[in-house]
1. Relative contact order for segment A:282-556: what percent, with Cα pairs under 8 Å and sequence separation of 6 or more?
2. Once amide H atoms are placed 1.01 Å from N in the peptide plane, what residues at a sequence separation of 5 or more from A:GLY535, or on another chain, have their amide H within under 5 Å of its amide H?
3. Taking 7 Å along the Cα-to-C-beta vector as the label spot, tell me the A:LYS173-A:TYR507 distance in nanometres, rounded to one decimal.
4. HN-Hα J couplings of segment A:276-284 from phi, Karplus 6.51/-1.76/1.60, θ = phi - 60°, integer Hz, Gly and Pro as x?
5. Would you mind ranking A:LEU80, B:LEU236, A:LEU378 so that the residue whose beta carbon has the fewest other beta carbons within 10 Å leads the list?
6. Just the number, please: Stokes-Einstein D of segment B:1-160 in µm²/s, Kirkwood Rh from C-alpha pairs, 25 °C, 0.890 mPa s.
7. Compute the projected area of the convex hull of the Cα atoms of segment A:455-547, averaged over all viewing directions, and report it in nm² to one decimal place.
8. With axes computed from alpha carbons, what is the tilt in degrees of helix A:316-328 against the longest principal axis of chain A, rounded to the nearest 10 within 0 to 90?
Amino acid sequence: MTTQTTAPETPTPATGAPTGLIGIPEKAGRALALGGSVLTIISTFLAWTWTSAFPGDLTVYGYPGGLQVLVLIGGALTTLFCLASYNVKGLGWLVPAGADAAIKVAALATFTTTWYTVIAISTDLGGLVNLEPGGFIVAIASLTALLGALALPFERPEPDPIDPDDTGWELFKYQVRHKRESLKAALASGTPRRVGTLPSYAEILIIVAVLALGLTVFTYGIGTEYDELFIGFLIMAGLGFAALNKAGLVAQASQITARHQNITICGAFVAAAMFPFTQTDDQYATIGVYILIFATVALGLNIVVGLAGLLDLGYVAFLGVGAYAAALVSGSPNSPFDVHFPFWAAVLVGALASLVFGVLIGAPTLRLRGDYLAIVTLGFGEIFRITANNLDGTSGPDLTNGSNGISSIPNLNILGFDFGLEHTIAGFTIGRFANYFFLMLLITAVVVLVFRRSGDSRIGRAWVAIREDETAALAMGINGFRVKLIAFAVGASLAGLAGTVQAHVTYTVTPEQYLFAGAIPPNSAFLLAAVVLGGMGTISGPLIGAALLYLIPNKLQFLGDYQLFAFGLALILLMRFRPEGMIPNRRRQLEFHEEAEAPTVLSKAGA
Amino acid sequence: MTTDTTTKDTTVGQTVLDARGVTMRFGGLTAVRDVNLTVNSGEIVGLIGPNGAGKTTFFNCLTGLYIPTEGEVRYKGTVLPPKSFKVTAAGIARTFQNIRLFANMTVLENVLVGRHTRTKEGFWSAVLRGPGFHKAEAASRERAMELLEFVGLEKKADHLARNLPYGEQRKLEIARALASEPGLLLLDEPTAGMNPQETRATEELVFAIRDKGIAVLVIEHDMRFIFNLCDRVAVLVQGQKLIEGDSATVQGDERVIAAYLGEPFENAPGEEEVAEVEAAEAKAEATTDAAPGKENDR
């Protein structure tokens, strides 16, 4: 009847038997959760509103559409977890860390998505009258499931002793603290069992399944057509992931992927390469290629910031240098040089130009530490932009065509493969942006390779040592300046590499693309945010951070002018609650959560 | 006596470190004034003095963290370059008074960082990963594990340095310093905050290091530790070297006692006697403790 997390051997004396957050008996609560989630599933097949004015057409009986699909997934997840908690045969693998916490989070995910939908319908269309019975049913069903889930018992933490001298305010603070502790405990799950060694083909199949799931989620997110669906997607994806995490599946999956790191990384690239084939037109491949550019540059910045600990606030300038260099030799009519280099040569020129700039900027500035370096690099980033603006023939030599930039950059043509044309591969039409997507993926692979290999080597250890304690690193014989300059130069040339492709993707290179902070990524602030948000020193962190930072402003058009405000708010919240980023580097996690029962042994799977 | 046992089996001869007239001024403050000190191969030399005497400043002058205002430091006959990483490359390794490990790296990684000067693989080698890279990396790891075994940390190679207990962090610092294959090891208060057992273990460790043919210069406040360990002891007071010699000479010197215990008042009755008694006691204690200790170290 019960699962691992319930039924403690020694009930805490203060609170007696474990109870849920809501005073419903456990059996009833579990039944309610199951019943509610089953009903939720059923009601997604009903019509929720009478008019197709609400996007997604939720008026059809028989098959769910738009937000209903998300609710259906949430309901299914909750149902499965509930069934697993009843010890239904064959579902035990779903909840290696105990089912109850997972049920709670999954029910919360379903509830939030459902109620968001219902409320969105009511406000969009003006009133509750616009809801069909199906809408009411699903709202009640998901609420029931949530209430049932919250009634599931958990081990309450023992309250701290109350200080009798406390004033009212302190008492209030004490109660809030205790409530928070209880809430945390209610959502706490056990430690998942270790995955036994499966045959390697089975493990690889699991990795493939995980990657396929990731690709599906990502493709769905990119393909969301209206704001409501995207918000619903964010809620469902975020809380659904949390539910899987509580169930212990995420931990098990990461154990398996850690065993086959190379396969996982290759598989991830294959999955990413599949993305254009899931699309019928070039519309979302555009987003894909911009995300890749952004993510690649963020990963390059991660070498500088995450490994070597050099806070670079002008990093986007190196992207700009690469892009300008490639544009100048691209044969564009606006370029003062009348040359048209082949792509490999343009890539070399772009990367080399960025390298030279990196060394030129790095050599004088890297003698500074910490905040001072940040300020100086910020300045250099702006110097690049203003210089590019002024090299227009009137205020300086004509090199960059001033604020008009270098336009009409021709499409790439590698070995007769014209990137500007549509190609048909195995029955799939691959458009212009999809072509560039593949090229950019190649560049990303190069950057990932450089990051991984250099990070786990003598030079990478020297970078981390410099970040940890510069004086001690010097005393260990590390030439700090040289090593930092290498990090700076490597980061710069990787950004330049991405820049060469960017110039061709965007047709035009203007100084205004390379701001410190602006609404459109990539810019220096967003790049740094992607690294910090995703997780410093990791590979997947900046990639995911960049994808989110690009998609959210792109999809939520209504944010408009409040975009930067929302972005700042999100960053503050993240720094408060998860300073190590979404994908924590093992080291960072230990650094920020010292009091937690962190594993003392750092296994080989670093990032 | 203490010196007999230590000098007998090692060949003292070649001068490893030769500091001549080292003076370090910070503005108007002269932290180190005209200090001469030599360390010969196979020797353990102690550097003692009251707090603020300039011991660590002198160390920093030796290791290139500070550039001495006057004077020069020679290592095996060549003048040391004024950059700390070049000093390490030349063959002088050090530990720090306040432990400065790379806290978020593993124990093994810490030692591998210490190998930096003795390996050459650069960025391209790391990215291209030729056979030479793997060979060098494997050799480095093997050497690092040997060193961890030497200090007794081989079982904790995968732990984060920050999670080690205090005494083991000190050991790790020594292992990290040894990884650079130094000819001279500078230890800055290696037993600060340790209990007697740990101090004892550190003593053994320092002897073992000496037996590897590495000269050791050690700063310490624990007099028993110093007089057990060192062939020669130099006393630094207010930036100047007061005296240098074997432990008996140093312990018997009035100026040293005065520097540690303070000068007696001119007319204070009984103060002189008290100082004498204390000095005698200290001497007696040190010698009696040292004698059995030495036997075990052989």
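1. Normalised by residue count, the contact order of segment A:282-556 is 37 percent.
2. Long-range HN contacts for A:GLY535: A:MET582, A:ILE583.
3. Once both label points are built, they end up 6.0 nm from each other.
4. Here the 3J(HN,Hα) series is x, 6, 7, 9, 8, 10, 8, 4, 8 Hz.
5. Taking fewest neighbouring Cβ atoms as first place, the list is A:LEU378, A:LEU80, B:LEU236.
6. 133
7. So the mean shadow area of the Cα hull is 7.1 nm².
8. So the inclination is approximately 50 degrees.
All of the numbers you see were taken from the coordinates with simple rules; none came from a lab. Owing to the predicted nature of the structure, the values given are computational and were not obtained by experimental measurement. When we count neighbours, we look across all protein chains shown, and the Cβ atoms used for this are built from the backbone with ideal geometry, even at glycine.
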